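Worksheet: the structure to be examined is printed underneath.
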Amino acid sequence: MESTAPVAASQPDSGRLRIGTAGWSYKDWEGIFYPSGMQRTKTHPLEYLARFFETTEINTSFYGPLKPELVKLWCRKVAAVNPRFLFTAKLYRAFTHSPIAVMEPTSAATIRPTDEDERHTREGLDALANEGRLGALLIQFPVSFKNTSLNREYLDRLLRRFMEYPRVVEVRDSSWNSAETLAAFAQKNVGFCNVDQPVMGKSLGPTEHVTTAVGYIRLHGRNYQQWFDSDNRNDRYNYLYKEKELEDWKQRILNVAEKAETTYVITNNHFESKAGVNAIELKAMISGQRMPAPPSLIQRYPELRKFADPVEDFEASPGSQMTLLA
């Protein structure tokens, strides 16, 4: 007899709690999350992903400003499948990282955005906001960005520059985990991003802070061995959370969602779509209901059978709702 997902005593509705993956365009998701040969059907990955999640975090906006025409295409793709779908977007790294962050610490003295960076960044963000699909702007700093007076001044200026968007700040050094920081974020109507990451040295451990109407949680994985030492940056995200680890976060997520109007939970352990597995498991654990999942994902990760049932491949019924397989 097949086991069922744990039942939650109470949970926020899907509009208040949105669980999804960090990004959607990964070559190693082909045949794992996405059906093999999906490209031949001219199906956009977002059309498939939006059948399973209520949100996704845009990664490409970190590497360069979004092109408005591409943003509008993405919005059309998700609207046809999941009208309530919202994106979150990372702020372009020119505002948050040193240009040579791999060689020098990031600080107010080493971050060098230009007026052109800001203009192009706004064009993409405005296109997303005007479509009504921007849930939050994630302002992500590296662990080397410490809580110093100069860095606080820089952050304050940056937050004012983008104050028209729903802002969330991710800091990874524990020096920011203070009552003063939380009070300052609340005063500025800025969300605090709670993270799960390998806790080494003074890196930030798990928190459940809420400083504004937007709650935000990012799960990066716990690949201690390859977090800093790997030659391939994707290796650090090669981590599949165990059920017990997700259970610990389930309660934190519910605590955050109770205080926030909308909470985003983003799984960033994207290697071979482990993020997709854990996002679906979290949805099941929090809702107390079995979730739909891509058949190929369940085949690759059989532990997902405890929480999810396979659905038809998109190409089998491109215009229909998801249908559970017998």
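Selection within the stretch 296-326: residues that are more than 15 Å from residue 50 (Cβ to Cβ), aliphatic (A, V, I, L, M) and modelled with pLDDT under 70. The member of this set that is nearest to the chain's Cα centre (by Cα) is 324.
So if I check each of 252, 236, 167, which one is under 30 Å from residue 116 (Cα atoms) and either within 20 Å of the chain's Cα centre (by Cα) or at pLDDT 95 or above (or both)? Walk me through it before giving the result.
On the way: 252 fails: under 30 Å from residue 116 (Cα atoms); 236 fails: under 30 Å from residue 116 (Cα atoms).
The conditions single out 167.
If I filter the stretch 18-37 down to residues being under 19 Å from the mean Cα position of the chain (by Cα) and over 21 Å from residue 284 (Cβ atoms), which single residue comes out as surrounded by the fewest Cβ atoms within 10 Å (Cβ to Cβ)? Give the steps one after another, and end with the answer.
First, the residues of the stretch 18-37 that are under 19 Å from the mean Cα position of the chain (by Cα): 18-29, 33-34.
Retained after the next criterion (residues that are over 21 Å from residue 284 (Cβ atoms)): 23, 25-28.
Working: 23: 20, 25: 12, 26: 21, 27: 5, 28: 13.
Out of the qualifying residues, it is 27.
If the condition is being surrounded by fewer than 16 Cβ atoms within 10 Å (Cβ to Cβ) and closer than 24 Å to residue 63 by Cβ, then the stretch 137-159 contributes 144, 157. Pairs meeting the criteria (first residue in the stretch 270-298 and of a type in the set (Ser, Thr, Tyr), second residue outside any helix (DSSP H, G or I) and crowded, with 21+ Cβ neighbours inside 10 Å, beta carbons under 6 Å, at least 6 apart or on different chains) are 273/33.
Taking residue 157, is it within 25 Å of residue 66 (Cβ to Cβ), of a type in the set (Lys, Arg) and assigned to a loop (DSSP other than H, G, I, E, B)?
Working: within 25 Å of residue 66 (Cβ to Cβ): yes; of a type in the set (Lys, Arg): yes; assigned to a loop (DSSP other than H, G, I, E, B): no.
No.
Selection within the stretch 38-65: residues that are acidic (Asp, Glu) and touching a strand residue (DSSP E or B) at 6+ places or on another chain (Cβ under 9 Å). The member of this set that is surrounded by the fewest Cβ atoms within 10 Å (Cβ to Cβ) is 54. For the stretch 68-118, filtering for residues that are at pLDDT 95 or above, under 23 Å from the mean Cα position of the chain (by Cα) and closer than 14 Å to residue 140 by Cβ leaves 10.
The values are calculated or read from the model by the stated rules, or taken from the named source; none is laboratory data. Being a predicted model, the structure only gives us computed values, none of them experimental. With ideal geometry, Cβ positions are generated from the backbone for all residues, glycine too; neighbour counts draw on all protein chains shown.
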